[in-house]
1. Only one of these conditions is not met by Ile61: (1) buried (at least 18 other Cβ atoms within 10 Å of the Cβ); (2) over 14 Å from Thr171 (Cβ atoms); (3) of a type in the set (A, V, I, L, M, F, W, C). Which number is it?
2. Regarding Ile86, is this residue surrounded by 16 or more Cβ atoms within 10 Å (Cβ to Cβ), modelled with pLDDT under 90 and within 17 Å of the chain's Cα centre (by Cα)?
3. Output the residues belonging to segment 57-83 that are out of contact with any Lys or Arg (no Cβ under 8 Å at 6 or more places or on another chain), in a loop (DSSP other than H, G, I, E, B) and charged (D, E, K, R).
4. Could you list all residues from segment 84-103 that are within 15 Å of Leu134 (Cβ to Cβ), out of contact with any Cys (no Cβ under 9 Å at 6 or more places or on another chain) and either of a type in the set (S, T, N, Q) or not in a helix (DSSP H, G or I) (or both)?
5. Taking only segment 146-168 into account, find how many residues are under 12 Å from the mean Cα position of the chain (by Cα) and either buried (at least 16 other Cβ atoms within 10 Å of the Cβ) or among the hydroxyl-bearing types (Ser, Thr, Tyr) (or both).
6. In the list Asn37, Asn6, which residue meets the criterion of being farther than 24 Å from Ile154 by Cβ, touching a strand residue (DSSP E or B) at 6+ places or on another chain (Cβ under 6 Å), modelled with pLDDT under 85 and not basic (Lys, Arg)?
7. Could you run through segment 132-145 and say how many residues are charged (D, E, K, R) and exposed (fewer than 14 other Cβ atoms within 10 Å of the Cβ)?
8. Which residues, counting only those in segment 137-160, are in a helix (DSSP H, G or I) and hydrophobic (A, V, I, L, M, F, W, C)?
Amino acid sequence: MNNRGNEISRREWLRKVAAAAVAGSAAGMLSSCRRVNDDWPTMRAVAASDGGDDPFDADRITAALPGEVRCVGCGRCMPCRFGVDIPAMYAAYNEAVRNGEIARSGKDFRNGGGSERCLEFVRRVEREIGDRHLAHRCAGCGGCEGNCPMHLPIAEQMRGIGRLIDLARETE
């Protein structure tokens, strides 16, 4: 945990918001990134018992990931109004798929090896693309999809890749 004073990390904040949303108390948390004195195991138990989705469920995240994406890098999907560098994300993701850095099951994360390989992918894209342009910034608006000559489900795939990035950072 990289807490400084009463601030929490983005990952921890995402977890708390997701758990609190299921528990019905997200409104107060959305306005602040301040530390909330909640017990994490209790919040996760409440979220699970209410049938809520764990935002870091490795099995679901890895099952939704595409194989190698058929992006031709034409750039017609750009500019993204949320700042995602879509062609660069696809290029980095495809390279990671070819290099075996993308975990193909939640079991890989639970055993530790998949998370370490995936962290290599995340660190590389953070260096090459920068955090401001990564897939997890995709809001799913679909504005890019109408221009794609390959008819890729860009919003869905960026959300999946973004969730993988968040999962890898969470296991860091």
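1. Only one criterion in (1) buried (at least 18 other Cβ atoms within 10 Å of the Cβ); (2) over 14 Å from Thr171 (Cβ atoms); (3) of a type in the set (A, V, I, L, M, F, W, C) is unmet by Ile61, namely (2).
2. On the way: surrounded by 16 or more Cβ atoms within 10 Å (Cβ to Cβ): yes; modelled with pLDDT under 90: no; within 17 Å of the chain's Cα centre (by Cα): yes.
For Ile86, the condition - surrounded by 16 or more Cβ atoms within 10 Å (Cβ to Cβ), modelled with pLDDT under 90 and within 17 Å of the chain's Cα centre (by Cα) - is not met.
3. Listed by number, the residues that qualify are Asp57, Arg70, Arg76, Arg81.
4. Within segment 84-103, Asp85 is the sole residue that qualifies.
5. The initial filter retains those residues of segment 146-168 that are under 12 Å from the mean Cα position of the chain (by Cα), namely 156-168.
Next cut, either buried (at least 16 other Cβ atoms within 10 Å of the Cβ) or among the hydroxyl-bearing types (Ser, Thr, Tyr) (or both) only: 157-168.
Qualifying residue count for the region: 12.
6. Values: Asn37 fails: touching a strand residue (DSSP E or B) at 6+ places or on another chain (Cβ under 6 Å).
Going through Asn37, Asn6 in turn, just one is farther than 24 Å from Ile154 by Cβ, touching a strand residue (DSSP E or B) at 6+ places or on another chain (Cβ under 6 Å), modelled with pLDDT under 85 and not basic (Lys, Arg): Asn6.
7. Residues of segment 132-145 that are charged (D, E, K, R), as a first pass: 132, 137, 145.
Next, only the ones that are exposed (fewer than 14 other Cβ atoms within 10 Å of the Cβ) stay: 132.
So the count comes out to 1.
8. Ile154, Ala155, Met158
The values are calculated or read from the model by the stated rules, or taken from the named source; none is laboratory data. Note that this is a predicted model, so its numbers are computed, not measured. Neighbour counts are summed over all protein chains in view; Cβ atoms, including those assigned to glycine, are modelled from backbone coordinates with ideal geometry.
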